[in-house]
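Scroll down for the structure; my scribbles are underneath it.
The values are calculated or read from the model by the stated rules, or taken from the named source; none is laboratory data. Keep in mind the model is a prediction, meaning the values are calculated, not measured. Here Cβ is always computed from backbone atoms with ideal geometry, including for glycine, and neighbour counts include all displayed protein chains. Protein only, heavy atoms only, side chains kept; ligands, DNA and RNA dropped before computing areas. Shrake-Rupley method; radii C 1.70, N 1.55, O 1.52, S 1.80 Å.
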Amino acid sequence: MALLRNISNSFCRIFQRQASSDSACTIYSLSSGHVKCGVSVIRLSGPRTKQALRAIIASGSENGFEFEPKPRQAYLKSFYHPVSKEMIDRGLLLWFPGPASFTGEDACEFQVHGSLAVIAAMLDALGQCDGLRPAKPGEFTKRAFFGGKLDLTEVEGLADLIHAETEAQRKQALLQSTGALARLYDSWRKRLIRCAAHLEAYIDFAEEEQIEGGVILQLTRELNAVKAEIKDHLNDQRQGEILRDGVRTCIVGAPNVGKSSLLNMLCQRSVSIVTPLAGTTRDIIETMHNFGGYPVVFADTAGLRRQTSDAIELEGMQRAKQCINQSDLILLVADARELTTLDSSQSKSVTYYIEKYLNDLDIPLALCNDKVVKLVANKTDTLKTDELENLQKLSNILTISCLKPTNEALQEFLHALELQLQQLCGAPRAEHPRITHMRYRQQLERCIEHIDIFLSDYKPDVYPDMAIAAQKLRQSVRCIERITGHVSCEDILDVVFKDFCIGK
Ligand code: GDP
């Protein structure tokens, strides 16, 4: 049973260790943005919160120091500087006693008028209160984590929610910040811990025949079941990660086919220079765009051609190839006039064209294996009607004239692109939370490896070294705990909290 105790105690150990180092201080900071606005929120958290809030309202009333706020109730109060006794502003005060607060500590919020002068005076006033110091970036959330209020996936979901730029990103981040992934990973963790505990019991008592041999069979069944669920979770085409990071979309093609024109049309502004001269775009031009609720990072690249002696153009082409490698979606732009020979009766003619095109440019097909490649036939305004109709019969092709787009053609093009983005990002659903960070994927893959080693070691008639087998199970639990933050992982914490702003 020592194993089980070790595992469950690790959670408490890390929290106690961290909490004792820093939570003696009470922290404060502006939690809303540092801009002029109607209302600004200043937050406090820590043991001296109540004394501080009393000090801020005390100068205005005789009994300010006895003020006993009710939890989570808004009070309209005047706020004073504790040294100069001057009134700073009149606003709302909310008291959140621990542990039922965001951080788990005593906390409060001042809602004041959002002028830079009011904010500065309030922060100065709080700085004068005993035992208070300004919060560091992410420190409120860090305290919530160490106070056991959030696990690391919820912390990261919160960071994603703060940074969300599109509707689909918001939905996914909200699900994660409210514990959808935390619950899933914790259920696997608990099941693995139970398996480990059964194995320990078997090691301890099997010889005394107090435990039936069927225990190990049940255990391997349960491990196989957990493994299958994790595998299913991993088999997600990276939809959650793509949505979180934005669909990296690379616009490639020969010089002068209209790549920059396409980017400008999609972004509805002049992002890239358009000229009749070949080789204008030398470097990668990247721009983020909200496309029907999906975040897209468009990258316009240098024109790809087989032969050039221009060193800058060569470097541009090299970067374009790298960009292809890092993308999720590739829009391969071609001049529609060059595509009129494609045979619409052949279902694979576009696929063959793409393969030949990439091959001619020395772009290894393997580079595009896990990506969606869409052929974009641009300059359709230069085609005869029957040529255009023939092109439109092909599958896996988008047709457009970036120079003279008709409203109908543009809507059709945008709709097709949006469907593609939908497929790449999927839809965030509470019952099916997705992997949003590469580190989750890596740890889950490792977890499966450890389970596999355990399962392959154990054969019904062969008795492996049970202590080593138990070690494998313990490591599989550790992998999940590194995701959720149940075990000490300072390296991960540094990365997670560095993305937070002050006041969160
Ligand atoms: P890039 O080198 O592939 O980025 O191509 P650009 O976007 O710079 O365009 C090259 C030239 O093709 C410019 O003169 C554009 O005005 C022209 N062009 C772009 N799109 C169209 C189109 O749909 N129809 C026609 N006729 N010309 C276009």
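For the reader, a short list of remarks on this structure follows.
- For the range 173-186, a residue qualifies if it is open to solvent by 20 Å² or more (accessible area, probe 1.4 Å) and over 17 Å from F102 (Cβ atoms), and the qualifying residues are L175, R183, L184, D186.
- Test: I56 is modelled with pLDDT of 75 or more, open to solvent by less than 60 Å² (accessible area, probe 1.4 Å), outside any strand (DSSP E or B) and touching a Pro at 6+ places or on another chain (Cβ under 8 Å): yes
- When the range 399-416 is limited to residues that are free of Cβ contacts under 8 Å to residues at least 60 places away in the same chain and in contact with a strand residue (DSSP E or B) (Cβ under 6 Å, 6 or more places away or on another chain), the one that is surrounded by the most Cβ atoms within 10 Å (Cβ to Cβ) turns out to be F413.
- For the range 252-275, the set of residues classified as near the ligand (Cβ under 9 Å from one of its atoms), modelled with pLDDT under 85 and hydroxyl-bearing (S, T, Y) consists of S272, T275, listed by residue number.
- 2 or more residues of a type in the set (G, A, S) and at pLDDT 95 or above: qualifying helices (runs of 4 or more DSSP H) within the range 115-194: 116-127, 167-177
- Unique match (being away from the ligand (no atom under 16 Å from the Cβ), in the same structural domain as C323 (by TED's automatic domain parsing) and of a type in the set (K, R)) among K379, K371, K384: K371
- Boolean, I354 is within 16 Å of the ligand (Cβ to nearest atom), assigned by TED's automatic domain parsing to the domain that holds I400, at pLDDT 80 or above and among the aliphatic types (A, V, I, L, M): no
- Within the range 90-102, tally of residues that are at pLDDT 95 or above and open to solvent by less than 40 Å² (accessible area, probe 1.4 Å): 6
- Matching residues in the range 99-114 - criterion: being charged (D, E, K, R) and in a loop (DSSP other than H, G, I, E, B): E105, D106
- Residue within the range 466-480 that is surrounded by fewer than 18 Cβ atoms within 10 Å (Cβ to Cβ), modelled with pLDDT of 90 or more and under 18 Å from N235 (Cα atoms) present: no
- Members of the range 403-439 that are over 23 Å from L331 (Cα atoms) and either more than 22 Å from the chain's Cα centre (by Cα) or β-branched (V, I, T) (or both): I435, T436
- Scanning the range 23-48 for residues that are within 15 Å of C129 (Cα to Cα) and among the polar types (S, T, N, Q) gives T26, S29, S45.
- Flag for L175 being hydrophobic (A, V, I, L, M, F, W, C) and within 28 Å of E481 (Cα to Cα): yes
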